[in-house]
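This report concerns only the one structure given below.
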Amino acid sequence: MKSYSGNMGNGHLNGWVRATFWSGLIASLAIILAGFVWLGITGRSASQGVSLGRIFPSLFAGDPGAMISLGVLALLLTPVAVVVVSLVRFIFDQERAWAGVALLVLAVLALSVVMGLR
Amino acid sequence: MDWAHIGWLVLVGLPGGIFGAMMGIGGGAFIVPLLTLAMGLPIQVAIASSLVAVAGTACASSATYVKAGLTNIRLGLLLETTTTVGAIAGALLAVLLDARLLAGIFGLAVIYTSFDMFRQRLGASGAVSPTAASGASQGSFGSSLAASYHDSAAGGIVRYSPIYLKLGLGAGALSGVLSGLLGIGGGVVKIPVMHLAMGVPLKAAIATSSFMIGITAVASSFVYYHRGYMDPLVAAPVFVGVFLGVQVGVRAMQRMQGHALRLVFAAILLGVAMLMFLRAAGVLV
């Protein structure tokens, strides 16, 4: 088992994690703002957002509220993506124990997502 | 589309982002009361929206902390194995509890946050606690949690190795329950436990807590989706407000004296707690 006396060994992991956080944050913000602009242009009224399972069908049907819901979903999936990239990095670095820890966290998150889709 | 309502929701997110960034918390302690007391939203909807905002705050701050090398990603992931389970349990409990009871529990949590701020002192940010140096061996797994970072305030490289992992896992579960139940980040539990008991320097504890908060918030958010309490048309503008607030808060914090800042915020949180107690007692609707 490797030990890290500094951050040198964590360079790749840190880089991947940081990039994932920023990408997810900017993407979700962009999608949400695009959704509000679309809502303003169409002049529709939307009293409530779209449920998880209806996001893509509603989006393809031309509902701006679905784009806003998609942006919120993108934000919530960003930390999930961080766990995924950590898992991939641990596998690359042959750190099986830590890959197992990341996989365990991912399993709990996956359970939560499946609950939300029901 | 009621754009005035959207605008008010963005304004609700602003103080959450500003104060959250300045105090190193998720901001839920401000967002939930504002959404329930000022906007009249049901508390479960407010909690769900706050979780989204907290996730946003966590992503924004984590990106910065990871770049600075402060975040112990391995420790964060390890503690998240129990925190995420706690978060789901907390969320399941929240949708079953009476709204006034939730408001009362929230008031208690905010009082604790306020007390925590009164007691915190700046200047202990880089010091490694003696227990970290003399802590019991954690074996090869525990040794892989050892980390270091450069701290200019401390004058060099700070090295540490977390101890009492089981305590950390237990505290993680508790913070997860609080996060899922109340829509807060849970850092008020995680940070003191990591710093005071596990031997993690304060800056690394705050950074690692920020990393964990986003994952924790996600775990409970989908329970609120399942129960129909997640309204993206409320959560999205609040998140936008929080994002803008974080940009202001990070810059403001650098210009203000930390000690006085914490006293002011602690007093504000006490006021918030009183309002939530009044709601719980049925005095405020």
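Points worth noting:
- Here each label is just a point 7 Å from Cα along the line to Cβ, and for B:LEU196 and B:SER143 those points are 3.1 nm apart.
- With neighbours defined as other Cβ atoms within 10 Å of a residue's Cβ, the residues B:PHE277, B:PHE211 order from fewest to most as B:PHE277, B:PHE211.
- Distances between placed amide hydrogens fall under 5 Å for B:ASN72 paired with B:THR208, all partners being 5 or more residues away or on another chain.
- Modelled FRET efficiency - R0 22 Å, B:ALA281 with B:HIS5, Cβ distances, 0.05 increments: 0.20
- Separation of alpha-carbon centers, region B:1-72 and region B:168-186, rounded to whole Å: 17
- For the pair B:ARG119 and B:LEU167, a Förster radius of 22 Å applied to the C-beta separation gives a FRET efficiency near 0.65, rounded to the nearest 0.05.
- Compared with the direct C-alpha span, the chain from B:ARG251 to B:LEU270 gains 4.3 nm at full extension, assuming 0.36 nm per residue.
- Fraction of alpha-carbon pairs over 18 Å apart in region B:12-119 - percent: 57
Readers should treat all values here as calculations from the given coordinates under stated rules, not as data from a laboratory. It should be emphasised that the depicted structure is a prediction, and the values quoted were computed from it without experimental measurement. Neighbour counts run over all protein chains shown; Cβ positions are idealised from the backbone, glycine included.
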